[in-house]
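Here's the structure we're looking at; comments come further down.
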Amino acid sequence: MEQTKRKGLSIFERFAFGCGDGGCNIIYTAMTGFLLLYYTDYAGVNAGAVGIIMLISRVFDGISDLVMGNIVDHTHSRFGKARPWILRMCIPFALAGVLLFSVPADWTSNAKLIYVFITYNLVSTVIYTAINVPYSALNALMTQDPYERSVLSVFRNLLATAGSLFINTYTLKLVEFFGDNAAAWSKTFGVFGLVSVILFLITFAGCKERVRAAGVAEGEIQKVSTKDAFLSLFKNKYWIIVTVMLALIFISMALYGGATVYFAKTVLNDRNLVTPIGNAVYIAQIVTMFIVAFFVKKFGKRNVMLAGCVFNIAGFVFMLLTSKYVLIMACSVLRGVASACMGATMWAMVSDTIDYGEWKTGNRTEGVVNSACSFGYKIGNGLGSAILGWIITLGGYVDTTEVQSAQAIFSVKLAFAIIPVIIYVVIIVLLQWYKLDKEFDGIIADLKARAEEKAKSRS
């Protein structure tokens, strides 16, 4: 790869990059944290049926990611590969969010399920994909410096967490303000959609694409066939590890994110506690984000990711063992620290696998690599949401009942903490094979040497 200049990015450009995930998270957090609650308690849609729809839709969604990644790699405009799509899709993204939370209340059950299937796929399969895949590719296109990539990931997760905090704090308040009924959710997401458009426009205006494939001169295009691009993925061992890891992380996030409101409602007997629990996680994550880059630089991405897994395991285990408010908040803070460790590293690790893939195969495909990772984590998210719906249904949860059965309460604990703990143990095992941090400098040096040889051959 080549870069125009090897220097740090400005604070504003880092902030602008982070705004993109802030915009994405307005819908993503709503889908993981509140959509199932909206469907079951306001729209009157069966949770089990919704779980099946979500899982099927995620398969379509994953395929659309791969298509979009290929489109990004073949996009060439004065704005670059990725930025044009952020500009084109920001308004459709906001409108689709409103449709997602606008299930017609007077429709029959089957008609509602059809509406849910169509709008859920419109949001996740089409529009979210068309803006999130290019956004994810932007990290590797802005800089080749591994530390800067980590800093960009910090800003990405800092602003994403701020978006999650915003949604977690104001969703139920705005719903109540607008009437605490089904229509109130549509109005609430009209407000949130406007915020997301503003954030995406900041990303588009504030970021710049600088990085090119090794030996490709400015203004030239590296042509890689779709077949070669996808075959290259499976020659990239680190991409495989990171993709599986992302899928597992997002299964966990979908489970505990969606189960938090049920945990507060059935285990802690107070639905309103969902806000302080979530805010404790998000605030701790934001605070940790300001210092985590130092630890990434000192210990490497892999080791910081490992620490995040350990903190998450501890936070969930202790949360299951207590019912005291103060201890639950302390566990939530520990989980926030863990989220910062993982969030600051996972997307930078994806970008690093792009350089490894170019070194290994000669093909540089930011769009396809990120879309294939997106395929993995969206399948994970869909599977997690589906598992949550199935567990809640099989556990006998009844939304109209004040006191839930012991089986229903255990099902909530299973989704909220027990399965995530198992997932983080598996991730720790996977990371034993990830050694790219130690190899990265040599890979970049070799890519630069190749670029210099190609430049000499052209002169």
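Residues of region 415-459 being in contact with a Lys or Arg (Cβ under 6 Å, 6 or more places away or on another chain) and either among the charged types (D, E, K, R) or assigned to a helix (DSSP H, G or I) (or both), which ones? Scanning region 415-459 gives 431, 437.
Here is a check on your reading of the model: is residue 106 acidic (Asp, Glu), open to solvent by 10 Å² or more (accessible area, probe 1.4 Å) and within 25 Å of residue 59 (Cβ to Cβ)? Considered against the rule, which asks whether it is acidic (Asp, Glu), open to solvent by 10 Å² or more (accessible area, probe 1.4 Å) and within 25 Å of residue 59 (Cβ to Cβ), residue 106 comes out as no. The set of residues in region 81-103 being open to solvent by 20 Å² or more (accessible area, probe 1.4 Å) and under 23 Å from residue 225 (Cα atoms) consists of 81, 83, 85.
Let me spell it out: the conditions are (1) open to solvent by less than 40 Å² (accessible area, probe 1.4 Å); (2) in a loop (DSSP other than H, G, I, E, B); (3) modelled with pLDDT under 80; (4) not acidic (Asp, Glu), and residue 381 meets all of them except one. Which number is the exception? Tallying (1) open to solvent by less than 40 Å² (accessible area, probe 1.4 Å); (2) in a loop (DSSP other than H, G, I, E, B); (3) modelled with pLDDT under 80; (4) not acidic (Asp, Glu), residue 381 fails exactly one: (2). Every condition in (1) open to solvent by 10 Å² or more (accessible area, probe 1.4 Å); (2) modelled with pLDDT of 85 or more holds for residue 336 except the one numbered (1).
Here the condition is being closer than 27 Å to residue 156 by Cβ, in contact (Cβ under 8 Å) with a residue 60 or more places away in the chain and assigned to a helix (DSSP H, G or I); of 334, 388, it holds for 388 alone.
For residue 279, the requirement of being assigned to a helix (DSSP H, G or I) and closer than 21 Å to residue 423 by Cα is not met. No other residue among 291, 354 is surrounded by 20 or more Cβ atoms within 10 Å (Cβ to Cβ) and aliphatic (A, V, I, L, M) apart from 354.
A quick yes/no check of all residues on (1) in contact with a helix residue (DSSP H, G or I) (Cβ under 8 Å, 6 or more places away or on another chain); (2) surrounded by fewer than 20 Cβ atoms within 10 Å (Cβ to Cβ):
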position	(1), (2)
397	yes, no
409	yes, yes
422	no, yes
428	yes, yes
433	yes, yes
437	yes, yes
446	yes, yes
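Taken over region 177-203, residues that are of a type outside the set (Gly, Ala, Ser) and over 19 Å from the mean Cα position of the chain (by Cα) amount to 13. Across region 411-420, the number of residues qualifying as free of Cβ contacts under 8 Å to residues at least 60 places away in the same chain and either open to solvent by 70 Å² or more (accessible area, probe 1.4 Å) or not aliphatic (A, V, I, L, M) (or both) comes to 1. For region 144-188, filtered to residues that are in a helix (DSSP H, G or I) and among the acidic types (Asp, Glu), the residue that is surrounded by the most Cβ atoms within 10 Å (Cβ to Cβ) is 148.
Among the residues of region 109-120, is there at least one that is surrounded by 14 or more Cβ atoms within 10 Å (Cβ to Cβ) and closer than 22 Å to residue 143 by Cβ? Checked against the condition, which is being surrounded by 14 or more Cβ atoms within 10 Å (Cβ to Cβ) and closer than 22 Å to residue 143 by Cβ, region 109-120 yields no hits at all.
The values are calculated or read from the model by the stated rules, or taken from the named source; none is laboratory data. Remember, it's a predicted structure, so these values are computed and weren't measured experimentally. Methodologically, a virtual Cβ is constructed for each residue, glycine included, from the backbone with ideal geometry; neighbour enumeration extends over all protein chains shown. Note: areas computed on protein heavy atoms with side chains; ligands, DNA, RNA excluded. Shrake-Rupley method; radii C 1.70, N 1.55, O 1.52, S 1.80 Å.
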